[in-house]
Protein chains: 2
Amino acid sequence: MSDLLPYLESVAQEIDHMIDRYFVDKVGELNKASAHLLAAGGKRLRPAVVMLAADAVKRGSSTEILPAALALELTHTFTLIHDDIMDDDMLRRGVQTVHTKWDMQTGILAGDVLYARAFEFICMSKANDKAKVRAVSMLAHACADICEGQHMDMSFTHRNDVDEYEYLEMVKKKTGVLYAAAAGIGAVLAGGTVSQVKALYLFGLKTGIAFQIRDDLIDLITLAEKSGKDRASDLREGKQTLIMIKAREKGIDLLKYKRDLTDEEIDGVIKELTDAGVIADVKKVAHDLVEESNKHLSLILPSKERQLLMEIGEFFVTRSY
Amino acid sequence: MSDLLPYLESVAQEIDHMIDRYFVDKVGELNKASAHLLAAGGKRLRPAVVMLAADAVKRGSSTEILPAALALELTHTFTLIHDDIMDDDMLRRGVQTVHTKWDMQTGILAGDVLYARAFEFICMSKANDKAKVRAVSMLAHACADICEGQHMDMSFTHRNDVDEYEYLEMVKKKTGVLYAAAAGIGAVLAGGTVSQVKALYLFGLKTGIAFQIRDDLIDLITLAEKSGKDRASDLREGKQTLIMIKAREKGIDLLKYKRDLTDEEIDGVIKELTDAGVIADVKKVAHDLVEESNKHLSLILPSKERQLLMEIGEFFVTRSY
C-alpha cells in the first residue's frame, strides 16, 4: 500500500484547494455554515474513487473531471450535516457539528446548499453532455437511496431483531451507493463503456459496504481524539450495526449499553466481543466484500490506477480512522 | 383570463397524474412522507410556467418535457417541507405538515428525497443533452439561491429595520428564482435561443417576486379554510414582509402583534392597514413587477402560450388563494 497513501494525500490536496477556492472565506453566515464541515478536513476518499475510476478507464482524464470529484465530497458532506441533525451528534471531523455551532435551521439549509452545489459541479466537468446527464442521474439516484438508507438506519433503532440481510441492505443504501456512484460517475465521465461503468459501479458498491462495516468498528474501537467523532456513539444510541447483530447471535446483548460509557467500560465491551469471536466475524464480512469487489475490476485493463483501486478496498477494511 | 384557469386545471391534472404514478401508493414510510404534501394538491403553477415557456418557444414541445415540469413541483415541495420544519408550521395545503405528521427526521429526509428526484426527472425529459445539462445547472443554481433566501428570511425575524430593497432581494431568492428557473428550463429544453431563454428567465423572476408579495397578502387576508395554511402566520412569527415594511414607513408597528390573534383582531389589523394605504402600496409594487415582466415577453413571438404567460402574471397578483 506504499503508493496509495501518497496518492490519497495528493487528491486530498487538490480537493482542499477547490474547497478553499469555492467555499471558504465567502461572506454570509449560511456560506460559512456550508463550508464549516467541508473545510474541517476529511479523507476525501469518494473524490479519490471518482478520479481513479476515470483514470482506470482513460488515463489522464481525472484532471478534466475534478469538479465531479468535488461533487461527491459535497454530496457526502451534505448527508453528514443532515444526519448529524437527525442523530443530534455534537462532534464530527474534530469540530462541532453544523447544527450545534449554528442551529437546526441553518444546518438544514447548509446541507441543502451543498446538495445543490454537487449538481452544479457535476455539470462543470469537462466531458460530453450525454455523459454528464448520465452522471447527474446516477448522483440523484444515489442521493434518494442514501435517504432511504438513513431512514432504515433510524427505524432499526427501535428494533432488536434486525438481521444481517437487513443491515447489509441498509448499509448498501446509506454508504455503498455513494461509493458506487463515485466510481460509476468517474467511469462514465471518462467515456467508459457500459460494461466498464457497471464493473466500476459494482466495485464501488461492495467496497462502500465494507467501508461502513469498518466505520462501525472504528466507532467502537478508536478513541475520540483520533477519530474526531464521539466514541461508541452507536452503542450509546442503540444503533443496529453488524457488531450488534453478530453479538446477538452469540448471546451478547449490546443494547444494555444504551447510555454514556467510560473508556474503560468500552474497552471491556471490546474484550467481550473479541473473546466471543464477534470482532473477527465482522471483519471477515468486510474482507469478503473487498475480495468480491476486486473480481469486478478484472473487467478493467490492468493499470496503476486499477491497482490503486484495489488498494483502496484493502485500505477501507484495515484503516483505524 | 377565461383561458388561463382551464389551462392551469389541465396542467394540474397532468402533474397530479404523474405524482400518482411515481409517488403515491409506494411502500415504506419515507415514500409516504415524501408523497404526503405532493399529493395534497397545490396549484402546480411552476409546472405550468415550465410548459408554457416551452410551448412559447416551440409549440408542442411541452409534452416532451413533462418530467421537467414535474421536477419544478418536486423542488418547490421539497423547499416547503424543509421550510415547515424550520418555521415549525403545522398546516400546509390543508393537511398536517410532514414533520408534524411524522417527525423532524423524516421531514428532512422526505425533502431530501424529492430534491434528488427533481434532478432525476429533469434528465428524463426528451431534449438534447446539452439543454438538459443547462437545465440541471439552472435548477441547482436556483436551489442554492432558495436556501440563501430562506436564510435571509429567517435572519430578518430578529430585526425591525429591514428595508424594501433587502426584502425584495430575499424574495427574489426565496421565490423569484424558482419561477425564473421554471421559465428558463422550459425555454432551454424546448431549444430556445440564448435571448429567448434570458427573456423567459427574467419574466419568471419578476412574476415570481410579485407572486410572493401576493402570498404575503393572502397570508394576512385569506381565512385558513380557504388558503389551507395557518392564517396570519407571518404576523405571529414577526416575519418581515413588504406589508410590515410599508406599514412601518407609515408609523404602524406590526411587530406588536407577534402572538396568536383572533380572526376579529386580524380583521382590525387589515382595516388599519387599508386605511393607511399600506395594502394599496403593496399591491402596486406587485403590479409594477408584473408590468415589467411582460416587457421581457415582447422578445418572444406572439402566441396563445405567450398570452397565457401574461395572464399567469396577472393571476399571480390578483388571486385570493
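The values are calculated or read from the model by the stated rules, or taken from the named source; none is laboratory data. The model shown is predicted, which means the values in this text are computed figures rather than measured ones. A quick note on method: Cβ atoms are made from the backbone with ideal geometry, for glycine too, and the neighbour counts reach across all protein chains shown. The protein model used for the area step is the full one, side chains on, heavy atoms only, and it has no ligands, DNA or RNA in it. Shrake-Rupley method; radii C 1.70, N 1.55, O 1.52, S 1.80 Å.
A single entry from B:SER233, B:SER303, B:SER293 fulfils the requirement of being of a type in the set (S, T, N, Q) and open to solvent by 30 Å² or more (accessible area, probe 1.4 Å): B:SER303. Here is a check on your reading of the model: is A:MET104 closer than 23 Å to B:VAL133 by Cβ and either surrounded by fewer than 21 Cβ atoms within 10 Å (Cβ to Cβ) or touching a residue at least 24 places away in the same chain (Cβ under 8 Å) (or both)? It is false that A:MET104 is closer than 23 Å to B:VAL133 by Cβ and either surrounded by fewer than 21 Cβ atoms within 10 Å (Cβ to Cβ) or touching a residue at least 24 places away in the same chain (Cβ under 8 Å) (or both).
Identify all residues within the stretch B:129-145 that are over 23 Å from A:LYS32 (Cβ atoms) and either more than 14 Å from chain A (Cβ to nearest Cβ) or within 15 Å of the chain's Cα centre (by Cα) (or both); write none if there are none.
Filtering the stretch B:129-145 down to residues over 23 Å from A:LYS32 (Cβ atoms) leaves B:129-139.
Selection gives B:LEU139 alone.
Of the residues contained in the stretch A:187-203, none is found to be away from every other protein chain (no Cβ under 14 Å), closer than 30 Å to A:ASP87 by Cα, open to solvent by less than 10 Å² (accessible area, probe 1.4 Å) and over 19 Å from the mean Cα position of the chain (by Cα).
Take B:ASP281 and tell me if it is of a type in the set (Asp, Glu), in a helix (DSSP H, G or I) and open to solvent by 30 Å² or more (accessible area, probe 1.4 Å). Spell out the reasoning first.
Numbers: of a type in the set (Asp, Glu): yes; in a helix (DSSP H, G or I): yes; open to solvent by 30 Å² or more (accessible area, probe 1.4 Å): yes.
Considered against the rule, which asks whether it is of a type in the set (Asp, Glu), in a helix (DSSP H, G or I) and open to solvent by 30 Å² or more (accessible area, probe 1.4 Å), B:ASP281 comes out as yes.
Considering the conditions (1) over 26 Å from A:PHE156 (Cα atoms); (2) open to solvent by 10 Å² or more (accessible area, probe 1.4 Å), A:LYS172 is excluded by exactly one of them, (1).
Applying the set (1) more than 16 Å from B:ALA116 (Cα to Cα); (2) modelled with pLDDT of 95 or more; (3) small (Gly, Ala, Ser) to A:GLY94 leaves exactly one unmet item: (2). Summed over the stretch A:124-145, residues that are open to solvent by 10 Å² or more (accessible area, probe 1.4 Å), touching a residue at least 40 places away in the same chain (Cβ under 8 Å) and more than 14 Å from A:ALA187 (Cβ to Cβ) total 3.
Residues in the stretch B:23-60 that are closer than 30 Å to B:LYS198 by Cβ and open to solvent by less than 10 Å² (accessible area, probe 1.4 Å): B:ARG44, B:LEU45, B:PRO47, B:ALA48, B:VAL49, B:VAL50, B:MET51, B:LEU52, B:ALA53, B:ALA54. The residues on offer are B:LYS258, B:LYS173, and the sole one that is of a type in the set (Lys, Arg) and over 30 Å from B:ARG306 (Cβ atoms) is B:LYS258. Checking every residue in the stretch A:97-106 against the condition of being within 17 Å of the chain's Cα centre (by Cα), charged (D, E, K, R) and over 26 Å from A:HIS141 (Cβ atoms) gives zero matches.
Considering A:ARG214, A:ARG231, the condition of being of a type in the set (Lys, Arg) and within 29 Å of A:ALA53 (Cα to Cα) is satisfied by A:ARG214 alone. Of the helices (runs of 4 or more DSSP H) lying entirely inside the stretch A:216-270, those carrying at least 2 residues that are modelled with pLDDT under 80 are A:224-227.
For the stretch B:263-281, check the following and say yes or no: at least one residue is of a type in the set (Val, Ile, Thr) and over 27 Å from the mean Cα position of the chain (by Cα). Let's see the steps before the verdict.
Quick first cut of the stretch B:263-281, residues of a type in the set (Val, Ile, Thr) only: B:266, B:269-270, B:274, B:278-279.
Then keep just the ones that are over 27 Å from the mean Cα position of the chain (by Cα); that gives none.
Checking the stretch B:263-281: not a single residue is of a type in the set (Val, Ile, Thr) and over 27 Å from the mean Cα position of the chain (by Cα).
Residue count for the stretch B:146-163, restricted to those that are open to solvent by 50 Å² or more (accessible area, probe 1.4 Å) and more than 7 Å from chain A (Cβ to nearest Cβ): 5. Within the stretch A:111-119, is even one residue surrounded by fewer than 20 Cβ atoms within 10 Å (Cβ to Cβ), under 24 Å from A:PHE211 (Cβ atoms), within 14 Å of chain B (Cβ to nearest Cβ) and within 19 Å of the chain's Cα centre (by Cα)? So far as the stretch A:111-119 goes, no, none of its residues is surrounded by fewer than 20 Cβ atoms within 10 Å (Cβ to Cβ), under 24 Å from A:PHE211 (Cβ atoms), within 14 Å of chain B (Cβ to nearest Cβ) and within 19 Å of the chain's Cα centre (by Cα). Taking B:GLY176 as the residue in question, decide whether it is in a loop (DSSP other than H, G, I, E, B) and touching a residue at least 12 places away in the same chain (Cβ under 8 Å). Considered against the rule, which asks whether it is in a loop (DSSP other than H, G, I, E, B) and touching a residue at least 12 places away in the same chain (Cβ under 8 Å), B:GLY176 comes out as no.
Cβ-Cβ distances below 7 Å connect the following pairs, each with a first residue in the stretch A:245-256 that is closer than 18 Å to A:GLU166 by Cβ, a second residue that is assigned to a loop (DSSP other than H, G, I, E, B), and a separation of six or more residues or different chains: A:ILE245/A:VAL162; A:ILE245/A:ASP163; A:LEU255/A:ASN160; A:LEU255/A:GLY238. Do you know which residues across the stretch A:17-48 are under 18 Å from the mean Cα position of the chain (by Cα) and on the phi > 0 side of the Ramachandran plot? Those that are under 18 Å from the mean Cα position of the chain (by Cα) and on the phi > 0 side of the Ramachandran plot: A:GLY41, A:GLY42, A:ARG44. Consider B:GLU14 carefully, then state whether it is within 18 Å of B:LEU139 (Cβ to Cβ), out of contact with any strand residue (DSSP E or B) (no Cβ under 6 Å at 6 or more places or on another chain) and among the acidic types (Asp, Glu). Criteria not met by B:GLU14.
Selection of helices (runs of 4 or more DSSP H) fully inside the stretch B:1-94 by the criterion of at least 2 residues being farther than 24 Å from A:MET104 by Cβ and away from chain A (no Cβ under 14 Å) returns B:4-22, B:45-57, B:66-87. Being closer than 15 Å to A:LEU114 by Cα and either in contact with a Gly (Cβ under 7 Å, 6 or more places away or on another chain) or among the small types (Gly, Ala, Ser) (or both) is the requirement here; does A:SER34 meet it? The answer is yes for A:SER34.
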